[in-house]
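Colleague: Before I ask anything, here is the structure I am working with.
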Amino acid sequence: MIVSRPLPMPAEPEIIRSRSNPLFKRLMALKERGDDDLALVEGVRLLGDVLDAGVKIHEGAVSPRVLSMPRGREILEQLASKGAAVRVLDDRLLSAISEVETSQGLVALVERPAFAGAQLFRGTPLVLVAVGIQNPGNLGGLLRTAEAAGATGAILTEGTADPFSWKSLRGSMGSAFRLPHLRALSVRSALALLKAQGISTVAAYATASVRYDEADLGGPTAFLVGNEGSGLPSEVMQAADQRVGIPMQGGVESLNVSVAAGVLLFEAARQRRLGR
């Protein structure tokens, strides 16, 4: 992909107002069709997370109102120091690019990070395996929860949502750029990889006889969590080394997948802190 060279921003920068502008076309194309190598991020906070993660930023677009915000100017200065080209787009154009009702006034094209398998298995591995999680917001929440609990990484199997889509990125709050993860593995390949690394696989199962806080989760562990509607396929459930349940009160039959994963991940973190 060809990107323009960064130029110093003049005191009165030119405001791009035409939909035929090449930058606007590039941003719209990425929004509509996606890209295997690039991601479109929006907002001062998320772009700050991207900068902190050391992700390469190719170019950006900012609205005139962001130029008057101290944090916005700070982000623009950081972008310039990284060699990223930044142009000023009319609010109407940025609103067309944005996926939210009110544009945050700042978008950028950034490189998707690539992670090596070894990064997931450092130390005593704690891995989250998302099996066919199709809701991008749920996936983003899963990655955020996994990072918060101290997971070493995640595996996103075939059929799982794109972690760098708009909704996933809003849910993960930057975790997708920091938490090592592998994408598009078949479930069979993921299980084989974990077995080769000596990692015990644990499936969340509502009626399991073993409670999550009774299981030994202090060693190398990978939690398998399934699709929001159907859960884990029976063959995946059977292939897991352990099946654990989360007791629930009242008439509640199941938990949101992000909540269930959080319960399991933080229990594993607790056991590790206590040396269980």
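Colleague: Pop a pseudo-label 7 angstrom from the Cα along the beta-carbon direction at both S20 and M69 and give the gap in nm to one decimal.
Modeller: 3.2
Colleague: Now, a different point. Here are some values of volume of the Cα convex hull per residue in Å³: (1) 160; (2) 243; (3) 148. Which one was computed from this structure?
Modeller: Checking each listed value against the structure points to (3).
Colleague: For a quick check: with amide H placed at 1.01 Å from N, whose amide H comes under 5 Å from I15's, ignoring anything fewer than 5 positions away on the same chain?
Modeller: It is none; the list stays empty.
Colleague: What is the gain in length, in nm to one decimal, between Q197 and D52 on full extension, counting 0.36 nm per residue of separation less the C-alpha to C-alpha distance?
Modeller: 49.2 nm
Colleague: Follow-up. Quick one, could you list the DSSP H helices from the chain stretching 15 Å or more along their long axis (Cα atoms) with average Kyte-Doolittle hydropathy of -1.0 or above?
Modeller: 22-33, 70-81, 136-148, 257-274
Colleague: Just need the relative contact order of the chain here, percent rounded to a whole number, with Cα pairs under 8 Å and 6+ apart.
Modeller: Worked out over the chain, it gives 17 percent.
Colleague: For the pair A239/R122, report the inter-label distance in nm, with labels modelled 7 Å from Cα in the Cβ direction.
Modeller: 2.8
Colleague: To continue, here is another question. Could you please state, rounded to a whole Å, how far the C-alpha centre of the stretch 106-172 is from the C-alpha centre of the stretch 218-269?
Modeller: 17
Colleague: Which ³J(HN,Hα) values, rounded to whole Hz and listed in residue order, are derived for the stretch 168-175 from phi using the Karplus coefficients 6.51, -1.76 and 1.60 in 6.51 cos²θ - 1.76 cosθ + 1.60 with θ = phi - 60°, glycine and proline given as x?
Modeller: Running phi through 6.51 cos²θ - 1.76 cosθ + 1.60 with θ = phi - 60° gives 5, 5, 5, x, 8, 6, x, 4 Hz.
A short reminder: the numbers here are calculations on the coordinates, not readings from a lab. All values derive from a computational prediction rather than experimental measurement. Because the Cβ atoms are built from the backbone with ideal geometry, glycine has one as well, and the counts that use them run over all protein chains shown.
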